[in-house]
Structures are given as structure tokens and as C-alpha cells.
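Reading through the C-alpha cells given below for one structure.
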Amino acid sequence: MFDDFFIRALVAGVGIAIVAGPLGCLVIWRRLSYFGDTLSHSALLGVTLAYSFSLNIAFSVFVISAVVALLLVSLQKRTKLAGDSLLGLLAHSTLAIGLVLIGFLSFIRFDLMGLLFGDILAVTTADIGLVWIGGSIILIILYFIWKSLFSATVNYDLSAAEGMRPEVSNFIFTLLLAGVIALSIKMIGALLITGLLLIPAAIARNISNSPRQMIVIAILSGILSVVVGLFASLEINTSSGPSIIVVALILFIISLVPLEIKGQLQKR
Amino acid sequence: MNENNNLLVRLKDCGIQKSSKWIVKGISLEIHKGKIVTLIGPNGSGKTTTAKMALNILKSDEGSIENYSTKMAYVPQKISIDWTMPLRVIDFMNLTSHINKDEIIEALELTGVQHLIYNEIHNLSGGEFQRVLIARAIAKKPDLLVLDEPVQGVDFNGEIALYNLIKEICTKLNCGILLISHDLHFVMSATDHVICLNGHICCSGSPKSIVKNSSYIELFGEHNAATLSLYQHEHDHSHQTDGSVKN
């Protein structure tokens, strides 16, 4: 069944969309989109290191993303720079280091475009296993820290005062974010991962009125984007990552329609 | 567990230092079950910081904190819910613990906002949201309740009703309350222990003793202090929670 590369890509993509749904909602609620971006830029460095030392790509991306996240926390304590400046600093310096290292690796045939924008042809049966097992682990951990994470998202002090230990769940959440980026880099590509986290959640925000509803809709629209995007990618021979994101964008525009109608009705 | 079963929190010589400057220093206080302790003081005097130490949100840089409370509830001073989150009142009530729906409705009725249960939080007015915050804290049935200016933005009548409710909750749940308030009338008439803060504890004691204290008069000005001591001394009767005279 998994012999066909297209089926493999679909199965892996749907798995990623399911994990990206709830995490994407948290990224939107916590205004972390730029943080997601930084992690995914640094993912390129992770991929380069994986090639240099022949490590597993997902593992190396996860480690680098986690290191960058920890660096951010320690820099925030030590410097007087704002969070967004530090994120920019880390994003572009890790991206630059990654690209410089790629230059040294000229002996390896390197598909830079594939790294940046994703490549469905590259998805193997092992990748599917990684996405579904890794994704399940992420979702199970997320389930256990949800109450703490969610309450800290609403108000940190309130969560801390009422014994939810938000500092612990915040830290774990950062690792989970690094994890989902590691899982999806092959499919979506380093530059577009944040899009798959953000856009389905943004679609969901437009048409939902409770946190749970928003998560479910984010997952569904993520799956729809992946399926339609991959078919389009096959039909018109475009990179898989951008195709998925373009479909998500179209869904987002459609999701604005109910908002408009609601606005018009209220005006009357 | 502890030598005194009614003790919930004890701060001993606590303080918070931020970039080599002490925000508060030498804070000692105790909160007991069924008692209301109030913090008063000018802006920036460290009231919220002190409350956060009692709640274990901030770690004291000196002294010691003993906390025997098993269930704390907090009504923070400033809270802004991000508009990026679709959060209804009922979701918010369940934020840190699961509360069944009847109890949620009951608590919202107490603060007069039960009709808003399915409204989105960001559509509420400041006063309405404040009532929801108080209802949420009550619904948790805490043994320690910390209220940081709980009635800000609430209309005048509501303010009195909510203060009475706080007093009532204290007796009903037998919980300890740490209250930060600028309403000196309520503080002086309804609380058990008053702490006057200005970076350190200027004076503390029962409301009666505190209005005569010279550092209290210095902090709040002669005029205010005089009004309030008059308020205390002119009355030879006591009030019930609804304001009627107790016989």
C-alpha cells in the first residue's frame, strides 16, 4: 500500500496536519508565530549537521531547535533586547551558519530546494512511521500538560498561583514545537513549516467560538490543505510544501466569508 | 503538619529584589482561615508583589515563606485575555480545575453575571469581567483567596454588593482572604487585620488601632485619616452585611 510515493506523502502529511492543529492554535494564542519561524530557520542548520555527521534528520533538527529555544530563554535573561530582536538574531544566524556549512559539504549531492520547500518524493515508509509515532507522542504529552498550558496561555500569574506549574509546561511546549518542526521538515520544508502551523489555526479562529472547536477545525483544515495541496502538486508538478500552503491560504480566504456575512447582518 | 491548624500562609521577613533595588523588604504576615487581611498603600508600594509572594508566584529573595494552603484562588489586578483566543465565560470558569455546571451557574449568580455564561470573554465590559473573575475564584472553593483590587471597574452599587459577598464567602467557606483594596471604608469596617505598605510594612494591626497610627496618617494624609477615624468612632453600633444595623 505504501509502495506508491503519493500514498506515502498523503499518509505522512495527514499525520503532520493532525499534530500541527492543536500546536498551531497555541502558537496563535500565545503570539509565537515568529518563534516558530526561528525554530524552522534553525532547522536548516540541523539538516546540514545531519548530513555532515550522518545522523537522523528529524533527530538532529529536533536537537538544534531545542538548543535554539534554550538559547533564547538564556539570552532574554542576560540582554536588554526585546524578544523579537533576539528571535531575529537567532533565526538568521542559525540560517546563515547552516548555509555556510552546506558550502563545505560540496561532496554531497544536495537538494537545497527540497530542504527549503519540501519534497514529497523523499517521503519513505520510515518517515511515515516517524511522523505517526512521533506525532502520537507529541499529542499524548500535550494532552497531559494541556490544562496547565492552556491556563498559562490565558494568564500566567493565575495559572502559577493556582498550582498549575506553568513554567514546566511552557518548557515542554517549546520542545513539542521543536518536535513538530523536526517531523515535518522533509514534507513541508524549512521555510514553510510555520505556515502549516499557523494558517489552519487562523482559518479555525475565523469560524469557531470555543477553544475546543478551534482545535478541531484547525486539524480538519490542515488535513484538507495537505490532501488538496498534494494532489495539486502531483498534477501540476510543483513543490509539495508551497502547494499545501497555497491551498491553506485559499481556505483561509474562504473562511473570511462567514465573518463578512456576520458583519453585514449585524450592521442591518 | 503545622502547629496551628488555622494558619494558611506565613511570610517571615520576605522581600523581592529587582536589579539590586528592593521592591519590598522585611514583609512579615500571616493569613488564617476565616480571616480577612488587607494590604493598603500608595501605588508602587509593593502590594501586588507581596500578594504574589504569598501565592508562590514570586520567590522571596530573603526570609522564608510557609504555605499550608491546599487550594488557592487568585483574582489578579490586571488581566487581558488575548483576542486571538475564542474563550467563553464557561471555558474560563473551568480554567484551572474542573467545576460542574451547576456550581458554575451558582457562582456566577452570586456575582450577578449568570446570564453571560455563554458569552465570549472579550465581549464583556471591564466590570462584567471583574465579576466573572471573582465568580471563578469563588467557584473553586479555595482555602486561600487572594484578591487584588477585585472591584475595579465595577459600578457603585455592585462594588458594595461584591465587598459584602467577599465578606460572606470568607465566613461561608472558612477561607483566608488576602485583599488589596483602595476602599478604605470597606477595609476599616470589614477586615480583621490591616497592613499598611510602602516598600516595607509601615504599620499593621486591627483597623481600629491602625487609624490612630502616626505612619498611617502620614501615608494617607491627615484629611483621609481623620475622616476614617471619625467613621470608626462616631458609630456605636455595628452593621450586618446588607448594611442594616445589628441589634
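For the reader, a short list of remarks on this structure follows.
- Taking the criterion of being among the small types (Gly, Ala, Ser), surrounded by fewer than 18 Cβ atoms within 10 Å (Cβ to Cβ) and at pLDDT 85 or above, the residues of the range B:13-57 that qualify are B:Gly26, B:Ser28, B:Gly34.
- In the range B:95-111, the qualifying residues are those that are more than 9 Å from chain A (Cβ to nearest Cβ) and part of a loop (DSSP other than H, G, I, E, B), and the one that is surrounded by the most Cβ atoms within 10 Å (Cβ to Cβ) is B:Thr111.
- Residue among A:Ser136, A:Ser169 that is buried (at least 17 other Cβ atoms within 10 Å of the Cβ) and of a type in the set (Gly, Ala, Ser): A:Ser169
- Filter result for B:Ile90 (touching a residue at least 12 places away in the same chain (Cβ under 8 Å), over 20 Å from the mean Cα position of the chain (by Cα) and within 14 Å of chain A (Cβ to nearest Cβ)): yes
- Against the numbered list (1) free of Cβ contacts under 8 Å to residues at least 24 places away in the same chain; (2) over 30 Å from B:Leu95 (Cβ atoms); (3) in contact with a helix residue (DSSP H, G or I) (Cβ under 8 Å, 6 or more places away or on another chain), A:Leu234 comes up short only at (1).
- Filtered residue count, the range A:200-227, keeping only those that are more than 14 Å from chain B (Cβ to nearest Cβ) and surrounded by fewer than 24 Cβ atoms within 10 Å (Cβ to Cβ): 5
This table checks each residue for (1) touching a residue at least 40 places away in the same chain (Cβ under 8 Å); (2) out of contact with any Gly (no Cβ under 9 Å at 6 or more places or on another chain); (3) within 23 Å of A:Leu32 (Cα to Cα).
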site: A:Gln76; (1), (2), (3): no, no, yes
site: A:Ala91; (1), (2), (3): yes, yes, yes
site: A:Leu99; (1), (2), (3): yes, yes, no
site: A:Ile102; (1), (2), (3): yes, yes, no
site: A:Met113; (1), (2), (3): yes, no, no
site: A:Asp119; (1), (2), (3): yes, no, no
site: A:Thr124; (1), (2), (3): yes, yes, no
site: A:Gly129; (1), (2), (3): no, yes, no
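- Meets criteria (under 20 Å from B:Gly153 (Cα atoms), within 14 Å of chain A (Cβ to nearest Cβ) and small (Gly, Ala, Ser)) for B:Ser69: no
- Flag for A:Leu177 being away from chain B (no Cβ under 14 Å), under 16 Å from A:Gly135 (Cα atoms) and either at pLDDT 85 or above or over 17 Å from the mean Cα position of the chain (by Cα) (or both): yes
- Residue within the range A:114-127 that is at pLDDT 85 or above, crowded, with 18+ Cβ neighbours inside 10 Å and more than 15 Å from A:Leu44 (Cα to Cα) present: yes
The values are calculated or read from the model by the stated rules, or taken from the named source; none is laboratory data. These numbers come from a predicted model, not from an experiment. Reconstructed Cβ throughout: ideal geometry from the backbone, glycine too, with neighbour counts over all protein chains shown.
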